[in-house]
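A.B. asks: Quick one: this structure, given as structure tokens, is what I'll be asking you about.
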Amino acid sequence: SMSQNADELFQQLITDCIFPKVQVSIIEQIIEMIESHSKMSRQYGEESLTIEQRKRCSSWLLHLLHVTDPDNESLLDQISSALASLSGWGGRSVRTWKIDDNIHITIKEISDVDGDLGYRTWGSALQLSKRIASKDISLEGHDVLELGSGTGLCGLVAAAAGARSVVMTDYLESLVRLANENIKENQLDQIAHAVQLDWRDVTTNSMPTHIGRHFDRIIGSDIVYEVFHAMHVEILST
């Protein structure tokens, strides 16, 4: 079948980079396979393609750019997207943030080229974390809700600084998984956990049971880069 041919040719591509001429529909399927492998790596931090295999895929995609009809904008867009996807995956990075003499937080990050900005720990999160650690923003003994937690630095610092409980939230399931990994990595799972929250639907009935309760502190850093974000923060705070 056509799908079998595409699968066989994909395996041939990543094994020895020998690739005969095939019809456009199969080329499109193979490009989808490449993007699927790249996306899997970015979301779960597990490389499904080796560095050498990614190089072979990139070489083939660059060759396609040169030989594809300039009028075939759809295929050119697919090729460019796949190349960007391969280039954007640099694997998982791990960094220990020394917030002060007592609080050191280890954070895993996943690079991403799809516009999911939460995969990185941004400078604003570090500044908020320092204010929490210095007690300039006192969270000790409080039940804390974090919005747009991303990799989870601020929520983890809150937990380490004496918060009674911390619920970290984000819109993307993959970020929630990453935040929970970081919670376990820092042995703070008795205090903190991460769950998914969509700001566009913030009624009590729509929230998981462990969110549908009173929090006496709400924190967030660099989360209102769109107007509707700011509007929803006001709703959540009431």
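Nothing in this text is a laboratory measurement; each read-out follows from the coordinates by a stated rule. Owing to the predicted nature of the structure, the values given are computational and were not obtained by experimental measurement. Counting neighbours? That spans all protein chains shown, and the Cβs are built from the backbone with ideal geometry, glycine included.
A.B. asks: Can you work out ³J(HN,Hα) from phi for every residue in region 31-36, in order, using Karplus 6.51 cos²θ - 1.76 cosθ + 1.60 and θ = phi - 60°, giving whole Hz and x for Gly and Pro?
C.D. replies: 4, 4, 4, 4, 5, 4
A.B. asks: Using amide H atoms built 1.01 Å from N in the peptide plane, name the residues 5+ places from Glu146, or on other chains, whose amide H lies under 5 Å from its own.
C.D. replies: Sorted by chain and number, the residues that satisfy this are Val167, Met168, Thr169, Ile219.
A.B. asks: Obtain the nm distance between the two label points defined at Glu32 and Ser134 by a simple spin-label model: each point lies 7 Å from its Cα along the Cα-to-C-beta direction.
C.D. replies: Rounded to a tenth, the inter-label distance reads 5.4 nm.
A.B. asks: Suppose each label sits 7 Å from its Cα in the direction of the beta carbon; what would the His63-His214 distance come out to in nanometres?
C.D. replies: With each label point 7 Å from Cα toward Cβ, the separation is 6.7 nm.
A.B. asks: So, one more: Using 0.36 nm per residue, how much length does the chain from Asn102 to Gln190 gain when fully extended, once their Cα-Cα distance is taken away?
C.D. replies: Gain on extension, Asn102 to Gln190, equals 29.8 nm.
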